Amino acid sequence: MLPSRRLNKTARTYFAIVAAAVAALVGFRIPRCDSLSNMSITVPVAVASGESAKMTCTYDLESDPLYTVKWYKGRQEFFRYVPKELPHTRVFPWPGINVDVSQSGPNQVVLRDVRRHLSGKYRCEVSADAPSFHTKIVSSWMHVVYPPVGQPVLSLEKRHYTIGDTLKGNCTSPPSSPPSNVTWYLNDKWMNSSYGRSSSGRATLDDASRSTNTVGLELEVNSFKVGKMRIRCVAELYGVFKTSSETVLDEEKPRLASILGTFSSTGI
């Protein structure tokens with residue numbers, strides 16, 4: 001009986017190990033890779049009021065079909081694309097948002113005649129269909145502006161300088177909303193401004209308030225390039241709208257007559 005008992009005990013141990021292994025395999029689930037990847041959004045950093053704005057949303061669904069694409073301004077949905085529905089597109093009322101349905105679809109939405117109040121954060125939400133139903137959201141900011149029209153007004157104390165002189169000047173940007181950033185360049189080298197001030201409230205034909213920005217420059221002249229010094233000021237908004245003014249200053253040469261006069265006064 002002893003050998004039989006040992007065999008039964010060994011068999012029970014073996015079956016217990018097998019049962020535990022099977023249970024572990026049954027409870028184990030191989031994680032499924034995320035089918036929605038490489039998602040990105042492209043929104044204009046700045047667009048002029050009254051123009052159209054094109055926003056794109058790219059993504060890779062891999063093997064999953066597309067369920068829906070939704071566009072939001074802030075938390076409010078204004079456009080949806082559903083390939084299983086007819087029509088595929090749906091526009092939700094939003095004050096001031098005018099969707100060009102003919103140019104909008106699964107990868108882009110086009111807004112016509114955008115206005116200042118449409119500045120803000122825009123989101124694209126993409127959902128895959130069965131079996132994953134994965135959803136991802138990407139977002140970006142758009143600024144609707146009144147860009148600067150015309151060139152900055154550049155003014156300097158004089159046209160000729162010598163080494164050691166103090167150069168003083170002002171640069172005033174054209175009216176815009178928001179006010180433009182003003183940057184000084186000396187011989188194409190960026191210069192730190194000395195001061196800045198803004199003035200606002202200028203009325204225009206569309207009753208929109210625009211502001212100017214005046215930035216001053218004060219520095220000691222220490223070099224010329226072949227007797228010339230090029231001064232330039234640039235007014236820009238978000239790096240998209242730029243306008244500039246430029247002037248070339250001459251190095252003031254010593255007058256020969258004054259040198260001779262000083263020489264003769266010493267009394268040779």
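Give just the number: which of (1) of a type outside the set (D, E); (2) open to solvent by less than 20 Å² (accessible area, probe 1.4 Å); (3) within 19 Å of I41 (Cα to Cα) does K70 not satisfy?
Going through the list (1) of a type outside the set (D, E); (2) open to solvent by less than 20 Å² (accessible area, probe 1.4 Å); (3) within 19 Å of I41 (Cα to Cα), K70 breaks only (2).
Please identify the pairs in which a residue from the stretch 172-189 that is in contact (Cβ under 8 Å) with a residue 60 or more places away in the chain and more than 17 Å from T247 (Cα to Cα) has its Cβ atom under 8 Å from the Cβ atom of a residue that is open to solvent by 30 Å² or more (accessible area, probe 1.4 Å) and in a loop (DSSP other than H, G, I, E, B), counting only partners at least 6 apart or on another chain.
Every condition considered, the pairs that remain are P174/V149; P174/G150; P174/Q151; S176/P147; S176/V149; S177/S209.
Just need a number here: residues in the stretch 41-83 that are part of a loop (DSSP other than H, G, I, E, B), over 22 Å from the mean Cα position of the chain (by Cα) and without any contact (Cβ under 8 Å) to a residue 24 or more places away in the chain.
Here is the first cut: in the stretch 41-83, the ones part of a loop (DSSP other than H, G, I, E, B) are 43-45, 49-52, 61-65, 74-75, 82-83.
Checking which are over 22 Å from the mean Cα position of the chain (by Cα) leaves us with 61-65, 82-83.
Now narrow it down to the ones that are without any contact (Cβ under 8 Å) to a residue 24 or more places away in the chain: 82-83.
Matching residues across the stretch 41-83 total 2.
Any residue at all in the stretch 199-210 that is at pLDDT 90 or above and of a type in the set (A, V, I, L, M)?
no
The values are calculated or read from the model by the stated rules, or taken from the named source; none is laboratory data. For clarity, every value in this text was computed on a predicted model and none was experimentally measured. Backbone-built Cβ (ideal geometry, glycine too); neighbour counts: all protein chains shown. The area values use the complete protein model at the heavy-atom level, side chains included, leaving out ligands, DNA and RNA. Shrake-Rupley method; radii C 1.70, N 1.55, O 1.52, S 1.80 Å.
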